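Here the structure comes first, spelled out in C-alpha cells, and everything after it is commentary.
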Amino acid sequence: MRVGPSQEEIRRSNLGALLRSVHLHGAMSRADLTASLGLNRSTIGALTADLAAAGLVSEGVPREQRGRAGRPSLVVRPESEKVYVFAFAVEVDRIVAARVGLGGAVLDRFEAARPRGEHDAATAVAPIADFVRKMRHTAPAGARLIGSGAAVSAMVRRDDGFVRLGPQLGWADQPLGEALRGLVGDGRAVAVRNNADLAALAEHTRGAAAGCDNLVYLYGDAGIGGGIIAAGRPVTGHGGYGGEVGHMVVNPNGKACSCGSRGCWETEIGEHALLAAAGRSATAGREGILTVVDAASRGDNTAQAAMRQVGDWLGFGVANLVNIFNPEMVIFGGTLREVYLASAAQVRSRLNRNGLPACREHVRLRTPQLGQDAALIGAAELAFEPLFADPLFADPLESA
Ligand SMILES: [Zn+2]
C-alpha cells in the first residue's frame, strides 16, 4: 500500500515548481526561491544544479551587480534562447506564429491575413509551414523545441485539436490539430484550445489576473468567446467545449445566431449587434466598432443609444456569469474591451441590479493587460506545461 509520493516524485515536483517560478518571474536569487518555494537552501542548490545540467536554467551575476566589489549574490534565470516552444493563433482575420522562449519572451513572430471564406482548415493554416521554417532557422544551434500550442476561435476537441464548430471562421469538423502537427513536423501533437480559454490562461499566469484564481474572461470579435478559471483551474468541460458563454440564450425572441440557435448572447453584444444598432454596415468589423465608440463619445445620439443597448445586454450576461461563478475578476478582451470602456456605467448598474450581492461584492471589472496576443501567449504557456510536470524528462524525439 502506498502512503504518499516517493522521493523521486517529490524531487520532480520541486524541479517543476522551481522552473515554473523563474519562467513566470524571470531571474530569481536562491534566497527568493527558498522563500517562495518553502524549501531549504541546500535543496534549492541541488535542484538548480540539476536544472542547469539539463540546460534549462543558468546561474550568474545579475547585470546591475557586474563589476562591483564584494561577493555578488547569484541569480537563477531561465535559458530563454535555448529552450522554446512554437505558439500559433488562428483567428477570424489573422494567423500568427511565434517562437516563445522559456520565461515567456517572444523571440520570433510572424503574421498573415487569414482569407475569409476558406472552409478548409489545412489550406487556411498552410502559411504556418513557411513560418516554422523561418523560426527553426533563426533558433540558435542546439536550442531545444519543447512542444507546440495553438489557439483557435472555435469549439475544439481537447484530445486531438479537431475543430467541431467555428461559425466565425466558417469551419465545421476540421482536423486542425492534425494539420498543425504535419506543419511543425516534429512528430509531436500540437495542443489546440479555444482562444478565449487560452487568453484567460495567459491573463491568469502573467497578466491582469495574476494571483487571481477565479476569473471570467470575455473575448469579443464577430462572435463572443469565454474563458473561465475556477479555483485556479481552467473550466473546459468534459470534451473541452465548455465556456461557450456567447451562446448562452438571453433573448429567446431575439435574432438567429451563427450557431443555429436564436437569441444567444453574442447576437446582442457581438460586433454585428452594435453595428446594426448604430445603423452601420455589419461588415465594418473592429474599425466599425471603434467608429461607433468614438461617435458616442462625441455626442452622436444614435451611437450613444446603441452603446446603451449593448451595454445593457453586456451587463445582463455578466450578472449571470457572476452569479454562477462568483469570480474575483471579469476581463473584457477583443472588441469587448472598447465596448465595455464606453458602457462601463451601464454594465455596472445592470450588475448591481441583477447580480446577487454576495456574488458580486468583490468582483473587479477589468481590461486585459496582454493585448491582442493574449491567446498566443496562452498557447505558449500550454506548450510549456509538460516541461513543468517533469522538467528532466527524457525526450527521445530530441535526442534522436
Ligand atoms: Zn449561438
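All but one of (1) in contact (Cβ under 8 Å) with a residue 24 or more places away in the chain; (2) within 16 Å of the ligand (Cβ to nearest atom); (3) touching a Lys or Arg at 6+ places or on another chain (Cβ under 7 Å) hold for G315; which doesn't?
It is condition (2) that G315 fails.
Within the stretch 49-96, work out how many residues are surrounded by 14 or more Cβ atoms within 10 Å (Cβ to Cβ), more than 29 Å from the chain's Cα centre (by Cα) and of a type in the set (S, T, N, Q).
Number satisfying all stated conditions: 1.
Matching residues to (1) among the hydrophobic types (A, V, I, L, M, F, W, C); (2) at pLDDT 95 or above; (3) under 21 Å from V125 (Cβ atoms); (4) in contact with a helix residue (DSSP H, G or I) (Cβ under 7 Å, 6 or more places away or on another chain):
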site: G170; (1), (2), (3), (4): no, no, yes, no
site: G177; (1), (2), (3), (4): no, yes, yes, no
site: R193; (1), (2), (3), (4): no, yes, yes, yes
site: A199; (1), (2), (3), (4): yes, yes, yes, yes
site: N214; (1), (2), (3), (4): no, yes, no, yes
site: I228; (1), (2), (3), (4): yes, yes, no, yes
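Which residue is nearest to the ligand (Cβ to nearest atom), if the candidates are limited to the stretch 262-286 and must be in a loop (DSSP other than H, G, I, E, B) and farther than 17 Å from G317 by Cα?
Per the criteria, the residue is A282.
Restricting the stretch 205-241 to residues that are among the hydroxyl-bearing types (S, T, Y), under 26 Å from A17 (Cβ atoms) and under 12 Å from the mean Cα position of the chain (by Cα), which is surrounded by the fewest Cβ atoms within 10 Å (Cβ to Cβ)?
Here the residue is T205.
List the helices (runs of 4 or more DSSP H) that sit entirely inside the stretch 1-106 and contain at least 1 residues that are under 22 Å from L198 (Cβ atoms) and modelled with pLDDT of 95 or more.
Those helices (runs of 4 or more DSSP H) span 7-25.
When the stretch 242-253 is examined, which residues are found to be surrounded by fewer than 18 Cβ atoms within 10 Å (Cβ to Cβ), in a loop (DSSP other than H, G, I, E, B) and near the ligand (Cβ under 10 Å from one of its atoms)?
The answer is M248, and nothing else.
Wholly within the stretch 294-398, which helices (runs of 4 or more DSSP H) include no fewer than the required count, namely at least 3 residues that are small (G, A, S)?
Helices (runs of 4 or more DSSP H) meeting the threshold: 301-325, 344-354, 374-389.
Using the structure shown, decide if I229 is among the hydrophobic types (A, V, I, L, M, F, W, C), away from the ligand (no atom under 16 Å from the Cβ) and closer than 30 Å to R158 by Cβ.
yes
If the requirement is being touching a residue at least 60 places away in the same chain (Cβ under 8 Å) and farther than 30 Å from G334 by Cα, which of these qualifies: L33, L39, L51?
Result: L51 is the single residue among L33, L39, L51 that is touching a residue at least 60 places away in the same chain (Cβ under 8 Å) and farther than 30 Å from G334 by Cα.
Results for (1) closer than 25 Å to L145 by Cα; (2) in contact with a His (Cβ under 8 Å, 6 or more places away or on another chain); (3) assigned to a loop (DSSP other than H, G, I, E, B), shown as yes or no for each residue.
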site	(1), (2), (3)
G161	yes, no, yes
L165	no, no, no
Q168	no, no, yes
R181	yes, no, no
R188	yes, no, yes
R193	yes, no, no
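Among the residues of the stretch 322-339, which ones are touching a residue at least 40 places away in the same chain (Cβ under 8 Å) and over 28 Å from E287 (Cα atoms)?
Within the stretch 322-339, V322, F325, N326, P327, E328 qualify.
Within the stretch 192-204, is even one residue surrounded by fewer than 22 Cβ atoms within 10 Å (Cβ to Cβ) and either closer than 19 Å to Y241 by Cα or basic (K, R) (or both)?
no
So which residues in the stretch 120-131 are crowded, with 21+ Cβ neighbours inside 10 Å, in a helix (DSSP H, G or I) and among the aliphatic types (A, V, I, L, M)?
Matches in the stretch 120-131: A121, A124, I128.
The values are calculated or read from the model by the stated rules, or taken from the named source; none is laboratory data. The model shown is predicted, which means the values in this text are computed figures rather than measured ones. Here the Cβ is made from the backbone with ideal geometry for all residues, glycine too, and neighbour counts use every protein chain on show.
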